[in-house]
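The structure appears below as structure tokens.
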Amino acid sequence: MPTSTVVPPPTRQGRALVVTGVALVVVGLVGAAALSLVARNRVEATVRDLARAPVGCDTTLDFSDTGTFVLFVETAGRIDGLSGGCEAPTRYDRREATTPRVTIELVDPSGRDVPIDPTDAEGYDIAGFRATPAGEVAVDATGRHVVRVTSSEGGVVVAIGRDPAAVGTPLTAAALAVAAVGVLGGGAALVVGVVRGRRPSPPTSASSASRASPGDPWRDPRTQDVSPSAPPQAPPPPGAVVSPPSVGAPPRPGAPLPPPTGPRYG
């Protein structure tokens with residue numbers, strides 16, 4: 001006989017945890033996406049603001065701050081404007097896979113050469129600019145510096161400034177942290193909410209049917225219980241008259257009792 005299973009509705013606490021878990025996951029993912037977008041925008045702004053020195057020109061750079069600055073060999077991008085009679089293209093885009101070799105010289109306000117050290121900075125390819133790192137310099141004094149770039153190939157520019165990747169790294173790390181907290185925390189709340197939202201199911205009709213009486217005609221006769229019965233009586237001797245038990249209404253008060261039934265011998 002087919003039976004139906006009733007699924008109980010979730011409890012109020014379970015529903016609240018499920019809603020909280022979904023909200024945490026959504027907030028975590030949305031927050032991570034927003035932080036990633038802010039990080040990208042800051043990297044793009046840093047790349048656009050880099051100082052650029054074209055090949056074949058002495059470019060004057062006015063450093064208003066000291067510290068470490070990275071030099072990039074830029075093979076795609078643009079220069080907003082050139083002054084001082086430097087003749088160089090304002091837009092450039094080299095399609096070659098290899099980066100051209102360039103020579104870079106940086107002179108501080110006192111006329112001394114600033115050494116160029118190796119760097120572990122990363123290149124960039126964003127907002128129409130593409131470059132590979134060429135080195136880094138430690139600027140100890142503010143003021144005007146002169147950058148001289150020479151190369152046997154054209155269509156290349158040297159860009160100088162703060163490392164764009166370092167600007168976006170904190171925000172990128174924050175985006176990953178927010179996403180992890182939202183997904184892990186929300187997932188845990190969802191699991192706990194689903195577990196706590198389950199109510200114990202009431203006993204079904206199938207369990208009641210399993211406790212049917214031994215004489216239930218719908219049960220398998222091989223599994224029916226056998227109730228103990230009275231021991232069999234010995235047959236009456238030959239010639240005995242056996243009176244059947246009387247079946248009827250009980251005697252009226254004051255009426256004589258019927259004779260006892262049983263075997264009679266005559």
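Take every Cα pair under 8 Å whose residues are at least 6 apart in sequence, average their separation, divide by the length of segment 49-162, and the relative contact order is 50 percent.
Dipole of segment 15-172 computed with +1 at Lys/Arg Cβ and -1 at Asp/Glu Cβ about the Cα centre; of 152, 35, 171, farthest Cα towards the positive end is 35. Dipole magnitude for segment 49-162: computed about the Cα centre from +1 point charges on Lys and Arg Cβ and -1 point charges on Asp and Glu Cβ, it is near 340 debye.
Every read-out reported here was derived from the displayed coordinates using simple, explicitly stated rules and does not represent laboratory data. Keep in mind the model is a prediction, meaning the values are calculated, not measured. Every residue, glycine as well, gets a Cβ built from its backbone with ideal geometry; the counts of neighbours run over all protein chains shown.
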